[in-house]
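The values are calculated or read from the model by the stated rules, or taken from the named source; none is laboratory data. Bear in mind the structure is a predicted one, so any value in this text is a computation, not a measurement. With ideal geometry, Cβ positions are generated from the backbone for all residues, glycine too; neighbour counts draw on all protein chains shown. Protein only, heavy atoms only, side chains kept; ligands, DNA and RNA dropped before computing areas. Shrake-Rupley method; radii C 1.70, N 1.55, O 1.52, S 1.80 Å.
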Amino acid sequence: MEPRDNQAEASYTFGDRLSSDIVVRLRNEEGRDDWIYCHSKILSEKSQYFADRLSDKWPTCKILDSRYCVEVMCQESDYDHHINLLRLLYVVSDDVPEDNLCHNVKSALGILSVAKELSCPQIVTACVNYLEAVPWEEGEEEEILRILPRIGSEAEPILARLQPVDQSAVIGIFVSAFRFATSSPPLLLSDIKSSAQEQIEYMITEDDDAPLLIADEEIKLEVKECVKSLFVRFFQCLEAVPFKPFDSEVISKKGSLRMVLSDLSWAFQILTKMEVVKDFVITWVDTSEKLVKVVEQLETTVAETIEIRVKVIEVTAKVVEAIGYGTVILPTTKRLQMVKLWLPFVRNTKPLVDTAVTDEEEDESVRYKIDGEIWQALESSFVSIILALPSSDQAEILTEWLSKNGLYPDLTEAFEVWCYRSKVAKRRLGLLGGEEEEKGMS
């Protein structure tokens, strides 16, 4: 009897009215009403829902025609998924691979939802296996997260790729990525390096979600060691760049210098988020004199000159800001040195950048500009540093600035504060001295 039953089951055809013994009536609230001709043996074996509806235990089993017509209400958006499910009941088996049952993520999700509702375990398994194996687009991923909670534990394999990992794995990824991002890899890997840098920043940034990683002392130490290695390459570049133009080896070395400067600029942002910028600032301050000398003596094209100067200023702006606003505390001599070195440098660089040809049709080689906010930040930082220097040093800097006809950076605020402080200095300090004498007498 069993082979004959299998043969008979194999001969069943979905939608065949002549051989069907049951109608599945699909209806929705919009008035759609479709009659699907099916076979009770197929439905009962593959779906517990239909097995219950067609059993003698169903409350309406004795009502005329209730055994031969099963009404299923569904949403318009799920209509096609119901029909596809009924069709799949005729072909699903252990021998049929999942990719023959499901053709895309959207249909697999829809069929999975209906299969769960109608208790079709083979279809549920097939859809889960398919969704677990195939790639998802971003919109599909959101839809999966919306639907799967209704499916239950059977859907857990699908969510494996979305589960949070333990902290040791996060640390391992972060450290590896940071080492790579600060290794100044070949130009061919620049896109990968940029991606690593973006994801590192994303991992430690708090947005709608908490940071993926909170840096402890061990991680900070690893990061600082990587930045030290980056500075070693930076020093090597400074030593290696000769003062001769248009030689292929020279161009390569200048390219390395530009790359390391870009990496240093990025690394400073990460160190700022981790609140460990002090070593970076001190190293940059100690290197500044040599760096300015090297850049100013470079014999190269206008475009290369602008590019290197821009990258140097991008890093310097961050360092000067950290000094100017007290993030890193340095002695007076170091702060004065930074002003005297970098004020002339940025003053000479700004006209070069402002007058550079930026129209790519005229000159594709000139592509680098400094954001206006960086110039403004530099100006504000210099003013803060100057106002924290002794009055005599302020006077020297302001005299030099005024002799340049007030060129960038605009030190008007520092000039006004210096004038006020100088004018009232004797009176203010005299009052202070008087108070001290009164305290001594009492």
Count charges around E217 for me, please; just the other residues with Cβ under 13 Å from its Cβ, Lys/Arg as +1, Asp/Glu as -1. -3
Under a plain spin-label model, where a point goes 7 Å from the Cα along Cα-to-Cβ, how far apart in nm are I329 and Y202? 3.9
Accessible surface, the range 185-341, averaged per residue in Å² (probe 1.4 Å): 50
Taking the Cα atoms of the chain, report the difference between the largest and smallest coordinate on each principal axis, in whole Å and largest first. 113, 73, 43
Treat each spin label as a single point 7 Å out from the Cα along the C-beta direction, and report the A51 to K228 distance in nm. 6.8
Relative contact order (percent, whole number), the chain, Cα cutoff 8 Å, 6+ residue spacing: 8
For the chain, set up a GNM with springs between Cα atoms under 10 Å and report which of K293, K57, K224 has the largest fluctuation. K57
Rounded to 0.05, the calculated FRET efficiency for the beta carbons of K293 and Q163 at R₀ = 45 Å is 0.25
Lys and Arg at +1, Asp and Glu at -1: add these up for the other residues within a Cβ distance under 14 Å of E140 and post the number. -3
Rounded to the nearest 500, the 222 nm mean residue ellipticity computed for the chain from DSSP H runs (n ≥ 4, each -39500 (n - 2.57)) alone is -21000 deg cm²/dmol
Can you tally the net charge around F415? Count Lys and Arg as +1, Asp and Glu as -1, for every other residue whose Cβ sits under 15 Å from the Cβ of F415. -4
Any residue on another chain or 5+ positions along whose placed amide H is under 5 Å from the amide H of I22 is listed here as C38, S40
Sorted by average packing, counted as other Cβ atoms within 10 angstrom per residue and highest first, what order do 171-178, 29-36 take? 171-178, 29-36
What are the semi-axes of the equivalent ellipsoid of the range 82-169, taken as the square roots of 5 times the eigenvalues of the Cα gyration tensor, listed largest first and rounded to whole Å? 24, 13, 12
Could you work out which residue, out of S184, S40, S11, moves most in a Gaussian network model of the chain, that is, has the largest mean-square fluctuation with Cα springs under 10 Å? S11
